[in-house]
Structure formats: C-alpha cells, structure tokens
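**Q** After the structure tokens below, expect a handful of questions from me.
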Amino acid sequence: MTVMWRRLTLGCALCLAAGSLASQAEVHFRIRSDDSQALNADGGWEAALDANAAMTAQKKFRLRFEIEDVAPRSDGFKLQYSKNGTGWKDAEAYPDDDPDNAPSTPEVWVVTSAQYDDGSQTTDLLRGSSAPFVRGWGKETPVTGRIGLRGKHTEVEFTLVVPTFHDGPRQNKTGDTFDFRLVRRDNTAVSGAAANPRITLTVPPGLIGGTYVESPNRIGPFKDGNGNLYAIIEPAETDNVFMVIQSADGGRTWTEQDGANRPDTDDLESVDAVLAGDELHIVHHGGKQVVYHAFRVSTHPANPDTYRLTDELIAGPITYDEQAVALEVLSGGRVRCFYARTAGGRGRIFYKTRDNGWGSEQSLDSQPRVDFYGVAAVRGAADKVHVVYYADDGNIYHRSLSSAGVLSDRESLTADGGVRGSERFPLMPPVYWDEAGEEKIMIGYRKASDGRIYTRIITNDGPPGKESRASDHAVSNDQAQSCQPTANLANDGSTVYLHYADAATEDIFRDVYTPATGWGSDVEEQDGVEADLIRGIVFAHSAGNGGAKVIGYLVDMGSDGYTGTVRYEEYLIPARPAPAIAAGEKPD
C-alpha cells in the first residue's frame, strides 16, 4: 500500500520538484468515526491504519494524513476528493458554525471541529513513518500552509461531512464512494492511488437533508394511492430552489421528482399544499410573489411524477416581508388561496379563487389599525373553508368562507397570541373531521403568556368551544427563520395527535385528544434532539410498505433553517381494542 523510501540522486529530486509521481512521497491515513476526540488523541478510530471505512451521511468525521516527503522545497497541501471515480475536485469549506456566510453548499464539506481550532498543531500520532517529525495542523479549511519536509514527515487532520442534498441541486446516496487525496499547490498528487482513503456513504433510513420551508403550512408527507410519499423542500440554503421529493419505500429513502421542470420561482418563504385526487396543489410565496404549482403524483393516468403547471402568478410583486400563504381545493378542482401583502400601509390578508383562471382579489379582513400576518386554512363540510389568522394586537381570528364565497363574521379565539415579531405566526394548520354528521374543526395555537399550545373546536361553524390546554410544556417557536410554533396537529377521525418541541430542550413530545377524555398527559417521544419545525399527517402505509397506521412527520432536527438535518420520522399508532359487546347485543 505504501511506497518505500530510497536515497534519491539530485536528478531524481529535481524530477520530484517537477511533479513526477515516482517515489514522491509515503502517505498513510487513518479515519476517525466522529468529532469526539482531541486532535492528538489516539482514539475514536473507525478503522485501522490505511483502512477504508463506511461513513454515515450528514455526520462529522475526521481524516488524518501522515506525509513523508523528499521534495527539496517548502510546499503547502490541498485536499481533493473524487465521487464514484468521476474525477478529482478541490474540497470546499462549509462554515457550519456560521452558515449565513456560506458561499455554497458543496457535495463534500470541510467543517469546523468541536475539538480543535484551525491551525492547531499536530503531534506524531500515526505509526506509518519513522522519519523525523515536523508539526502539522488540524484544519477547518481544505488548504494547509507551507511546510518543509525533505526527509521528514508531518500529520494533517481534517473534519469532514458528506451531506445528502447539496448545491446543483444534486444528491449523495447510499453506496456512493468518495476517495480523498492530498495534492501540492500546483495540483501535483502527493502519492499514488493506493494511499488514498475511501469513504463509502450510508444514508440512514429517514434522513432527507436539504432545507425546510421557512414558514411551512402543509408541506408533507402526502401519501398517494400507490403508497408513495411526497414532500416539499429546498436542497440547500445556498441553492434554494423548489423540489418535490418522493419516497417509494415508506419514508426510508427520498429522491427529487421531475427536477428538469421544477418551478422557476425559488426561495420557499412559505408553502401550503393539498393532495387532491392525483395532484398536489401548491401555493408558494417565493421572493416577492405568490405563485401556484400543480404536480401529478404516481397515480396520475398521464405523465405521473411530473409538474403539470408551475409558476402561475397569483399575486405580485409583493413588498410585504411576512411569509404566510394557505390553500384549499374545493369540489370540481376549484382552488382557494390566501396570502398576506400590504395595502394602504397595513398588512392585510387577501384571497383568490381559481376556476378557469384566478378571479379577483378579495379581502379577508380590513379591520383598521392592525396588521395581519400568519394564516392557515382547512376545508370542512360542504366545501366550506375555515381560515385562521393572526393580528399584531395579539388576536387570533377565525372566519369561514362558504363554497359560494360568503364570509362569516370574524370571531376571536384568543387575544393572547403575542405582540412581538417572533410571535407573528402562532398558528399551525387546523384539522377537520366528521363526528356523527357534525362538522368539527380543531384549531391549535400557541399563547404568548405561557408558551403552551391550546385548542378550540368549532362545531357546524358555530361559536368556538371552550379553550383546552394541549401541551404540558412551553413550546418552542421562532425557530429556523419562522415565527411558527414547532408543533403539529394530525387527526385520525376524532382522535387528534399533537407533536411539539419543548421550548427548553427541543425534545419532541406527544399528546392525544379524544372526545371522551380531552387532552391527556404528554409523553416524550424523542429525547436528545433539536426539533426546529415539524409537519405531519396520519396515514396507513401501503401493504408493500408494511401496512401500519402511523403519524408520519417531516422534522428539521437542528439545522436552524439551514442545510442538512431534515428527517422523516414516524409514530406507530397502536391498534385499538375492539369494543366490548354486552350480553345479548349484536356487533354493528
């Protein structure tokens, strides 16, 4: 594997200086499994000296090189990689401690270490060379300073991450291989291929990566009639294009669909989507406009898994920076869209209906001396759309809009929605169910006074029912460039599940509502996580994916709105026991 040293004539040394690979250097390497060890600790190794390894996507690991050289010059080194043998590229730094200043999101990241500072000195740790040692560096960038070796050796260590989605947009997948090497500043390889470490990538089940929608209403998962799941994300904060991704294996792996025809409008500031029949209907606030897209899922009889329509303008240009859109699909394919923009110097919420084109703009509320921000909607019975929205005086309002376009009176659900900028979207998408012929709309919101989630139920579009506290803990909000609470309602008929992130720990908790018992006691579902945003639904997997009924949810696990830790997770809904049958009764 290594090239043994020989005494070289001056002529051979000059050949080396000119870039010859023959007997140029002896290189060894060793791979650390994570970033938990001090720079010069002899521990945390994933494999033996000069042994390749498998590595998990989105996980920090470290790569240490030992270099012995005879070149009669001082030189610096540069880290390069080759994905699947397709050619060498310079590795790039990704400032994961300051992603606002990331110029790009490359397919391999050189990142900051929790164990050393860039330029910290290395000691003689690896045992591949017996030549005298010259101190090298721990690096958080892919380029070293100059160092004079000439018959001596040094060690250089890098902290690395291989993501999933990245700029391009492109995707790294399970089985991809990444070879690494050091080159001189003039791109001359330091050693032959035998000394190049290789990482074989493993993407854990459920890891998506990418970047969450900044202000999400319903963005997935959605399940079609073939059992395929769909969701909407960006590939990276630095390449914030619109992507519909699909999982055909129950959420384990995800790939983009119809990337060649994705929408031109980028920057997913707010998105809401509804799967109706064989199409995903999508409203998207991106940049300074609100647009509509329609995507055909796998059950569509013509051109499945492609966009039918993209970038149809609903409203714009919009000078309002608040990120809030909602959408519902009515019978016959009519679509109603709600969005926020300025009018008369105030923040207002408007709506339009699409029926052979978008109709005229209508005002949802023109109450004076307040600005309106967040909005969410759900379709109830008889094509009636229930709209929930927030005013900056702290009120959270409900109105319904009938199929014929008649608005109900405004009614306040609470005046405790908060007045700070970080509380401008204290809502989550409401849910609907039919309970013995009655229309039930449950609306959930975060109250500013204690940070907890509360719910109210509206029956048959009557007055709101009593307020019920749903979360035992204060709930995280103002995360990942969004003012929404990290909370989600998902219903299985009249049984409603709340998932939320605790404000103190960002761990994920769950509670369950039934009409008979109300809300119960919260149960911690995931400990030691950093949940920033969460959206999900109840569905039953296809028989090919196991058939289980679950709450499938899309969650940002600590990327703070940037790139890399979006995951698909599930809660398995336990089977309910059959009701007891009294003596003499017959089952229904």
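The values are calculated or read from the model by the stated rules, or taken from the named source; none is laboratory data. None of the values given here were measured: they were computed from a predicted structure. Don't worry about glycine lacking a Cβ; one is built from the backbone with ideal geometry, like all the others, and counts go over all protein chains shown.
**Q** Identify all residues within region 479-513 that are aliphatic (A, V, I, L, M) and at pLDDT below 95; write none if there are none.
**A** Correct list: Ala480 only.
**Q** Just checking, which of Ala504, Ala516, Ala470 is hydrophobic (A, V, I, L, M, F, W, C), closer than 23 Å to Gly418 by Cβ and surrounded by fewer than 18 Cβ atoms within 10 Å (Cβ to Cβ)?
**A** Ala504
**Q** So, in region 326-346, exactly how many residues are over 13 Å from His281 (Cα atoms) and surrounded by 20 or more Cβ atoms within 10 Å (Cβ to Cβ)?
**A** Summing the residues that are over 13 Å from His281 (Cα atoms) and surrounded by 20 or more Cβ atoms within 10 Å (Cβ to Cβ) in region 326-346 gives 4.
**Q** In region 423-445, which residues are assigned to a strand (DSSP E or B) and touching a Phe, Trp or Tyr at 6+ places or on another chain (Cβ under 8 Å)?
**A** Leu427, Glu439, Lys440, Ile441, Met442, Gly444, Tyr445
**Q** Looking at (1) under 21 Å from Ala377 (Cβ atoms); (2) crowded, with 21+ Cβ neighbours inside 10 Å, which is the only condition Tyr307 fails?
**A** Answer for Tyr307: the failing condition is (1).
**Q** If you check every pair at least six apart or on different chains, which have Cβ atoms under 7 Å apart with a residue in region 97-115 that is without any contact (Cβ under 8 Å) to a residue 40 or more places away in the chain first and a residue that is surrounded by 11 or more Cβ atoms within 10 Å (Cβ to Cβ) and β-branched (Val, Ile, Thr) second?
**A** Final answer for the pair search is Asp97/Thr112.
**Q** So for region 218-226 (the condition being at positive phi, surrounded by 24 or more Cβ atoms within 10 Å (Cβ to Cβ) and assigned by TED's automatic domain parsing to the domain that holds Cys483), does at least one residue qualify?
**A** Yes, because at least one residue in region 218-226 is at positive phi, surrounded by 24 or more Cβ atoms within 10 Å (Cβ to Cβ) and assigned by TED's automatic domain parsing to the domain that holds Cys483.
**Q** State the number of residues belonging to region 193-209 that are surrounded by fewer than 17 Cβ atoms within 10 Å (Cβ to Cβ), part of a loop (DSSP other than H, G, I, E, B) and either in contact (Cβ under 8 Å) with a residue 60 or more places away in the chain or touching a strand residue (DSSP E or B) at 6+ places or on another chain (Cβ under 6 Å) (or both).
**A** Selection size over region 193-209: 1.
**Q** Where residues in region 122-140 are surrounded by fewer than 14 Cβ atoms within 10 Å (Cβ to Cβ) and either modelled with pLDDT of 95 or more or not small (Gly, Ala, Ser) (or both), which of them is farthest from Arg198 (Cα to Cα)?
**A** Taking the candidates together, the pick is Pro132.
**Q** Quick check on region 262-278. Is at least one of its residues within 16 Å of Ala324 (Cα to Cα), basic (Lys, Arg) and not assigned by TED's automatic domain parsing to the domain that holds Glu68?
**A** Taking every residue of region 262-278 in turn, none turns out to be within 16 Å of Ala324 (Cα to Cα), basic (Lys, Arg) and not assigned by TED's automatic domain parsing to the domain that holds Glu68.
**Q** For Asp264, state whether it is in a loop (DSSP other than H, G, I, E, B), modelled with pLDDT of 95 or more and surrounded by fewer than 20 Cβ atoms within 10 Å (Cβ to Cβ).
**A** Here the answer is yes, as Asp264 does meet what is asked.
**Q** Looking at the structure I just gave you, is Val496 in contact (Cβ under 8 Å) with a residue 40 or more places away in the chain and surrounded by 18 or more Cβ atoms within 10 Å (Cβ to Cβ)?
**A** yes
**Q** Take region 141-160 and flag every residue that is among the hydrophobic types (A, V, I, L, M, F, W, C), assigned to a strand (DSSP E or B) and buried (at least 21 other Cβ atoms within 10 Å of the Cβ).
**A** If the condition is that a residue be among the hydrophobic types (A, V, I, L, M, F, W, C), assigned to a strand (DSSP E or B) and buried (at least 21 other Cβ atoms within 10 Å of the Cβ), then Phe158, Leu160 are the ones that fit.
**Q** Right, something else. Does any residue of region 40-51 turn out to be buried (at least 18 other Cβ atoms within 10 Å of the Cβ) and touching an Asp or Glu at 6+ places or on another chain (Cβ under 8 Å)?
**A** no
**Q** In this structure, is Arg354 surrounded by 19 or more Cβ atoms within 10 Å (Cβ to Cβ), over 23 Å from Ser412 (Cβ atoms), of a type outside the set (Gly, Ala, Ser) and at pLDDT 95 or above?
**A** yes
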